[in-house]
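The values are calculated or read from the model by the stated rules, or taken from the named source; none is laboratory data. It should be emphasised that the depicted structure is a prediction, and the values quoted were computed from it without experimental measurement. Don't worry about glycine lacking a Cβ; one is built from the backbone with ideal geometry, like all the others, and counts go over all protein chains shown. Ligands, DNA and RNA are stripped out before the accessible areas are found, and what is left, the full protein with its side chains, is counted by its heavy atoms. Shrake-Rupley method; radii C 1.70, N 1.55, O 1.52, S 1.80 Å.
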Amino acid sequence: MEYSRLAQAYETIESTSGSIDKTTLLAEVLKEAGPSEVDKVIALTMGKLFPDWKGEPELGIAEKMAVQVVASASSVPEKQVRDMLHKYGDIGAVAEELLGKSVQSTLFSDEITVERVFDVLYSVAKATGQGSSKTKVSLLVGLLSESQPIEAKYILRTVTGDLRLGIGNMGLLDALAIAFTGDKEARADLERAFNLSSDLGYVARLLANEGLDAVRNVHVEVGRPIRMMAAKKLSNPQEIMTKVGGRALVEYKYDGERMQVHKRGEEIAIFSRRQERISSQYPDVVEYVSKFVRADECVIEGECVAIDPGTGEMRPFQELMRRRRKTDIKEMTKEVPVSLFFFDVLYIDGRDVTNLPMLERRSILEKIIERSQHTHLTTGEVTDDPERLEAIFMTALDTGHEGVIAKAIHKDSIYQAGSRSWLWIKLKASYTEGLSDSVDLVIVGAFHGRGKRTGVYGTILASAYDEDTDTFPTVCKIGTGFTDEILDELKRRLDPLVLETRDPKVISDLEADVWFEPKLVIEVLGDEITVSPTHPAGREQMREGGLAIRFPRFTGRFRDDKDPRQATTVADLIDLFEQQRGIS
Ligand code: ATP
C-alpha cells in the first residue's frame with residue numbers, strides 16, 4: 001500500500017468528528033492494506049512499532065530531534081522551525097508547510113510504501129549508542145526527502161507520538177472487525193484475543209490471514225504477557241458482598257508491585273503491570289520462582305512486596321520503586337529484599353486455566369507454590385458475611401496491608417484478562433475519608449511557583465485518560481501534598497518532559513506556564529468529584545459539564561508501575577461520580 005493513501009486517510013479521519021465515522025474510515029484502509037500489510041498499518045496508527053513486551057527499541061523521537069530533522073530536510077534554520085512549532089503547536093504541520101515550499105525531487109521519485117516507512121522507522125528505533133542521534137536524523141531526513149508534504153506531516157507526527165486521530169484501542173478493534181468480517185459483532189472476540197496476546201498487530205494478522213475462528217482460538221501462551229485483570233472499588237461491605245454474588249474469597253491487599261510470572265523450564269520472564277519485561281531488575285524473584293514454583297510451564301500472578309531486612313516486616317511500595325531506579329541491582333536485593341505473595345494462575349502445563357472459577361485456580365496455585373521465607377500465597381478466607389468481611393479488613397489494616405480484595409467465587413468467576421469488572425472488588429482504608437478512592441492522574445502541565453516555591457513547579461495540572469478518544473483531558477490543579485523533597489523530585493522528573501507547546505493529546509481550557517509530555521503518573525486523593533466549567537474530562541459523555549476533583553492532594557506516590565494509558569479513565573471518574581450520587 002502506498003503511504004500517501006494512509007496519510008490521506010489520516011487527514012480525513014482527523015477532520016471527521018463522529019467516532020463511528022472515524023472507525024468506518026479506518027476500516028476501509030485496513031481492508032485495502034489486506035493480509036500482508038494490516039499489521040504495519042496498525043503499528044503506524046498506534047505509533048508503536050512493536051508491543052512493549054517484545055523488548056524492541058522504542059521509536060520515541062523527542063521534539064528537539066524532530067525540529068532538527070525538519071530543519072535539515074527543508075534547509076531552513078532550526079530557529080525558524082522552532083518558532084513555527086511554537087505558533088502551530090504541531091511539528092507535522094510545520095513539516096508539511098516547509099517541505100511544500102522547498103524545491104523537492106518528489107515529482108521524480110517513486111511513491112513510498114507503508115512497508116518502507118515502517119522499515120525506515122524501525123531502523124531509526126534500532127539506532128542506539130554513540131552517534132545514534134546523527135543516524136536517526138539522517139535516516140528520517142532521507143525518508144522526508146522522498147516524501148510529499150502530507151506524508152511528511154504524518155511521518156513526523158507518528159515518530160513524535162502525536163498522531164491525534166482520536167481513536168483508542170477499542171476503536172481500532174472495531175475497525176478491524178468491520179474491515180475483515182463486515183460488522184462490529186466480532187469485536188468481543190477480537191478484544192478477548194487482544195487481552196490474551198497483548199499484541200494488536202498479531203490479532204490483526206491472524207484475522208486477515210486465517211479468519212475469525214483462528215482469532216477465537218487464541219489462548220494464553222507462556223512468554224506473551226496477558227493484559228492484567230483489575231479490581232473495581234466500593235466502600236460498603238454489604239454492597240461488596242452483594243455485587244460479587246453473595247460469597248467471596250476475601251484476600252489481603254498487599255502494597256507492592258504486581259508481577260505476572262511466565263515459567264518454561266528454567267526460562268523465567270517477569271512482566272510488570274505495564275507489560276514490560278522486568279526480570280533483569282528482579283534477579284532474586286527469578287531465583288525464588290525457579291526454586292519454589294513446582295511446574296514445568298506456568299503463568300502465575302502475585303504481588304512482590306519489599307521487606308525490611310532487619311525486622312522482616314513489609315515495607316511500602318515506594319521502597320520497591322526506589323530499588324527499581326538504582327543501577328546496582330545485586331546490592332539492592334540485599335538492601336531491599338522482597339517476598340512474593342501469589343494470588344492467581346492463568347496457565348499450567350499446557351492448559352489455559354483463565355476460564356476456571358476462582359477457587360479452582362486457587363487450588364492449583366496451592367499445589368504448585370512451595371511456601372518458603374520468600375514465597376507465599378495471599379492470605380484469604382471464604383465468607384458470605386459482610387461483618388466478617390469488615391473484620392478481615394480491620395485485621396488487614398492492623399497487620400500493615402492496604403485493605404482487602406473481595407473476589408467472586410461463583411461458577412463464572414473467571415480470570416477476566418484486561419478488564420476491571422465486579423469479579424474483584426477492593427476496599428481500602430482511604431475510602432473512609434473523602435473521595436471513595438485515590439485516583440491515578442497524569443501530569444500534563446505546571447504553573448511556576450512563587451515565594452518559597454520559586455524555581456520549582458508550585459502547582460501542577462493533571463489529567464485522566466479518555467479511552468474513547470485517546471486523549472488526556474484535565475481534571476484538576478494540584479498544589480497540596482508537596483514537601484520540599486517532593487517539589488524537587490517533581491522538578492527533576494518533569495524537566496526532561498518539557499514541551500514547547502501543549503501536547504495535542506492533552507485537552508485543557510487552562511493555559512499552563514509549562515507543558516509536559518503526558519508520561520508521569522501520580523496518585524491523588526480528593527474530597528469529591530464535581531461538575532466543572534473549567535475541566536473538560538467527560539464533557540462529551542456527561543452533558544452537565546466536565547468532571548473535576550475537588551481539593552486534590554498528592555499522596556507522594558509516583559505510579560512508575562503505570563503507563564499513562566493505565567491512569568484513571570474518564571469512564572472510571574463517571575462511575576465514581578455516579579456512585580457518589582448514589583446512582584449505581
Ligand atoms: P490500587 O492503586 O488500589 O493498587 P490499581 O488501579 O493500581 O489500584 P487495581 O487493579 O484496581 O489496581 O487493584 C488491584 C491491585 O492490587 C493489583 O493490581 C495488585 O497489584 C494489587 N494486589 C494486592 N494484593 C492483591 C490480591 N490479594 N489480589 C489481587 N491483587 C492484589
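Applying a 10 Å radius around every beta-carbon, put 315-327, 242-254, 352-364 in order of their mean neighbour count, most first.
242-254, 352-364, 315-327
Sequence gap of 8 or more, or different chains, plus Cα separation below 23 Å: how many lysine pairs satisfy both in segment 48-160?
Close lysine pairs found across segment 48-160: 27.
Excluding same-chain residues fewer than 8 positions from Lys184, which lysines have a Cα within less than 16 Å of its Cα?
Result set, ordered by chain and number: Lys22, Lys31.
In Å², and per residue, what accessible area does the chain have when probed at 1.4 Å with the other protein chains present?
For the chain, the per-residue accessible area is 43 Å².
Could you calculate the FRET efficiency of Glu11 with Glu221 from 1/(1 + (r/R0)^6), where r is the beta carbon distance between them and R0 is 35 Å, rounded to 0.05?
Using R0 = 35 Å, I get an efficiency of 0.40.
Sorted by average packing, counted as other Cβ atoms within 10 angstrom per residue and highest first, what order do 62-71, 275-284 take? Write out the running numbers ahead of the final one.
Details: 62-71: 19.9, 275-284: 17.6.
Answer by packing, highest mean first, reads 62-71, 275-284.
Taking the Cα centre of each part, how many Å lie between segment 376-421 and segment 525-557?
Taking the Cα centre of each part, segment 376-421 and segment 525-557 sit 29 Å apart.
Check each of the trypsin sites (Lys or Arg not before Pro) in segment 499-572 and keep only those in coil by DSSP with at most 14 other C-beta atoms within 10 angstrom; list them in order.
Here the trypsin sites (Lys or Arg not before Pro) that fit, given the DSSP loop and packing criteria, are Arg543.
If packing is taken as the average number of other Cβ atoms within 10 Å across a peptide's residues, how do 302-314, 335-347, 24-36 rank, most packed first?
335-347, 24-36, 302-314
Sequence neighbours fewer than 8 away in the same chain don't count; with that in mind, list the lysines whose C-alpha is under 17 Å from Lys367.
Qualifying lysines at Cα under 17 Å: Lys263, Lys291.
Between Lys54 and Arg502, what is the label-to-label distance in nm when each label sits 7 Å out along the Cα-to-Cβ direction?
3.5
Of all accessible surface on segment 152-203 at a 1.4 Å probe, what whole percent is carbon and sulfur?
Reported share for carbon and sulfur atoms: 45 percent.
Tally Lys and Arg at +1 and Asp and Glu at -1 over the other residues with C-beta under 14 Å from the C-beta of Thr12: what net charge comes out?
Net local charge, Thr12 excluded: -1.
Rounded to the nearest 5, what % of the DSSP beta bridges within the chain are antiparallel ones?
90
The chain: D in µm²/s via Stokes-Einstein (Kirkwood Rh, Cα pairs, 37 °C, 0.692 mPa s)? Don't skip to the answer; put the middle values down first.
Working: Rh = 25.5 Å.
So the translational diffusion coefficient is about 129 µm²/s.
Please report, as a whole percent, how much of the solvent-accessible surface of segment 230-432 comes from carbon and sulfur atoms (probe radius 1.4 Å). Could the numbers behind the result be given before it?
On the way: 4070 of 8680 Å².
Using a 1.4 Å probe with all protein chains present, segment 230-432 comes out at 47 percent carbon and sulfur.
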